[in-house]
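The values are calculated or read from the model by the stated rules, or taken from the named source; none is laboratory data. Values in this document were obtained by computation on a predicted structure and should not be read as measured data. All Cβ positions, glycine included, derive from the backbone under ideal geometry; neighbour counts span all protein chains shown.
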Amino acid sequence: MMIKPDAVENGHIGNILEKVTTAGFKIKALKMTQLTQRDAELFYAVHKERPFFGELVAFMTRGPILAAYLEKENAVSDFRTLIGATNPAEAAEGTLRKLYATSMGENALHGSDSDENAAIEAAFHFAERECF
Ligand code: GDP
């Protein structure tokens with residue numbers, strides 16, 4: 001997962017981590033960092049033909065993010081349920097995007113969409129010695 005620049009700027013790191021761990025996710029690795037242009041272009045390469053790609057890269061690089069590597073049974077689908085729909089206007093009550101996101105683009109959190117991508121994204125953010 002990542003706590004995106006908007007949620008970091010708005011001071012939501014502590015509240016989000018509290019809700020994530022209360023929901024049963026174990027933190028295996030944690031890091032505050034800032035993505036470079038190249039990092040963001042690589043991370044979101046699947047969206048490079050989309051009209052919002054430039055906006056997405058500019059947003060994701062404008063300030064620090066908090067990356068976390070989480071562990072749980074059914075982590076991918078449970079985390080996506082916890083954060084809610086991409087567009088906060090459509091996110092269910094009580095979800096993290098409903099609580100903390102401001103728009104479709106600035107939507108506070110990233111969650112991996114498959115176990116395979118979760119492993120790739122964990123390796124993107126963390127060295128093996130940073131994972132516990
Ligand atoms: P996710 O899996 O729920 O994060 O959603 P997607 O994989 O579809 O999109 C990745 C990210 O791109 C989203 O979380 C948003 O930050 C961003 N995004 C998606 N659609 C739009 C859009 O229409 N406009 C903008 N500015 N950003 C978007």
Checking Ala85, Ala29 in turn, the sole residue that is in a strand (DSSP E or B) and either crowded, with 19+ Cβ neighbours inside 10 Å or not β-branched (Val, Ile, Thr) (or both) turns out to be Ala29
Criterion (more than 9 Å from the ligand (Cβ to nearest atom), under 23 Å from Phe132 (Cβ atoms) and touching a Lys or Arg at 6+ places or on another chain (Cβ under 8 Å)) met by exactly one of Ile27, Ile65, Ile13:
Ile65
Consider only pairs whose beta carbons are under 6 Å apart and that are at least six residues apart or on different chains; among these, list those whose first residue lies in region 28-52 and is under 25 Å from Ala75 (Cα atoms) and whose second residue is among the small types (Gly, Ala, Ser) and modelled with pLDDT of 95 or more.
Leu30/Ala68; Lys31/Ala67
Mind checking whether some residue in region 42-51 is more than 16 Å from Ala108 (Cβ to Cβ), in a helix (DSSP H, G or I) and not aliphatic (A, V, I, L, M)?
yes
